[in-house]
Amino acid sequence: MTAILRSEPAPELPVEGSAAPDEARAPRRPSLSPSRAADFKTCPLLYRFRTIDRLPERKSLAAVRGTLVHAVLERLYDLPPAARTVEAAQELLAPAWADLREEQGVAELFETAQDDAAESDASAPESVEAWLSSAGKLVEKYFTLEDPTRIQPHGREELVEVTLPDGLLLRGYVDRLDVAPNGALRVVDYKTGGMPREAFEAKALFQMKFYALVLWRTRGVVAAQLKLLYLKDGDALTYAPDEAELVRFERTLQAIWAAIERAVATGDFRPNKTRLCDWCDHQALCPSFGGTPPPFPAAAAAAAGWQTSLPVVELD
Ligand code: SF4
């Protein structure tokens, strides 16, 4: 088993508050991340479009706000402990936004929203200032959940990855990793959306168990606490996994991966129509909405390291 733990910057259908997408940080070979595993569980065809075809998707102001808030909370811990105040965090918003708006599609996204606002779309923000102010409120809420002057993170936006004995590469980005003097691990994830209802807590914890499994496999320590901070509601969800649970979770991931490999080998990625389709960018190509997916990109899949025996289809 090989393992890497190093710093690097840090996705599902729209869940406000996830950090930047994985796509920009492609692994060396096919791997499983919490978001891609969730994609396949939600809809195999969505997984294909995102991971194999790598079709572009629109950014949303909610997702960009999530990225902005994550950036501020990451930078907050660059400051000396006593300087980590609400005011200091608010001052970090402008420079973080200045960096983010340089990213492809971000400034344009806001221009589109302004056009929508001009057409009286009630969901469009009134101005960049109003949008930034909403991000500032989320940052402020963070301080009701934790006291950053008393926390010294071990890692932020930390890439955690492990190759399991069967060859499955697991990788993901942890918002914050805390290590207590006695070696106890706490995994913290910031969510700018609302706290899930009880029935959806297991889904929320899927990502955290993924990180806990990787950390256990790399460090030999079961995380003492998995903590999800919901900044919109100012609430937290905490969970303490145990070793037997992580063993079962590992089998679950291996089963998901086996299903993905079968789908890649045959090119058979079925659509799974749910209410989440309302947010899917790929309805025009989806059979559930009368569309036709493009031919399976066997050449691209093989080049990316996937095992597929499908014929290569030349496109115009
Ligand atoms: S529209 Fe729905 S069923 Fe079709 S690919 Fe997207 S998520 Fe899957």
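The values are calculated or read from the model by the stated rules, or taken from the named source; none is laboratory data. The shown structure was predicted, so the numbers you read here are calculated from the model rather than taken from an experiment. Cβ atoms come from the backbone with ideal geometry, glycine included; neighbour counts cover every protein chain shown.
The listed residues are Val188, Val179, Val214, and the only one of them that is within 14 Å of the chain's Cα centre (by Cα), at pLDDT 95 or above and either under 25 Å from Lys137 (Cβ atoms) or hydrophobic (A, V, I, L, M, F, W, C) (or both) turns out to be Val188. Out of (1) surrounded by fewer than 22 Cβ atoms within 10 Å (Cβ to Cβ); (2) away from the ligand (no atom under 16 Å from the Cβ); (3) part of a helix (DSSP H, G or I); (4) modelled with pLDDT of 95 or more, what's the single condition that is false for Ala62? Against the list (1) surrounded by fewer than 22 Cβ atoms within 10 Å (Cβ to Cβ); (2) away from the ligand (no atom under 16 Å from the Cβ); (3) part of a helix (DSSP H, G or I); (4) modelled with pLDDT of 95 or more, Ala62 comes up short only on (4).
Flag set for Ala224, criterion: among the hydrophobic types (A, V, I, L, M, F, W, C) and modelled with pLDDT of 95 or more. Against the condition away from the ligand (no atom under 11 Å from the Cβ), at pLDDT below 95 and not in a loop (DSSP other than H, G, I, E, B), how does Glu23 come out, does it pass? Yes: the conditions hold for Glu23. Taking the criterion of being more than 9 Å from the ligand (Cβ to nearest atom) and hydroxyl-bearing (Ser, Thr, Tyr), the only residue of region 264-279 that qualifies is Thr266.
For region 238-254, indicate whether the set of residues that are among the small types (Gly, Ala, Ser) and away from the ligand (no atom under 16 Å from the Cβ) is non-empty. Break it down into steps so the answer makes sense when it comes.
Just the residues of region 238-254 that are among the small types (Gly, Ala, Ser), to begin with: 240, 244.
Imposing the further condition that a residue be away from the ligand (no atom under 16 Å from the Cβ) reduces the set to 240, 244.
Yes, region 238-254 contains at least one residue that is among the small types (Gly, Ala, Ser) and away from the ligand (no atom under 16 Å from the Cβ).
The lone criterion from (1) within 16 Å of the ligand (Cβ to nearest atom); (2) within 19 Å of the chain's Cα centre (by Cα); (3) of a type in the set (A, V, I, L, M, F, W, C) left unmet by Ala259 is number (2). Among the residues of region 31-52, those that are within 11 Å of the ligand (Cβ to nearest atom) and either closer than 15 Å to Leu276 by Cβ or of a type in the set (Asp, Glu) (or both) comprise Asp39, Phe40, Thr42, Cys43, Pro44, Leu45, Leu46, Tyr47, Phe49, Arg50. A search for C-beta distances below 7 Å between a residue of region 288-310 that is modelled with pLDDT under 90 and any residue that is surrounded by fewer than 15 Cβ atoms within 10 Å (Cβ to Cβ) and basic (Lys, Arg), counting only pairs 6+ apart in sequence or on different chains, returns Gly305/Arg29.
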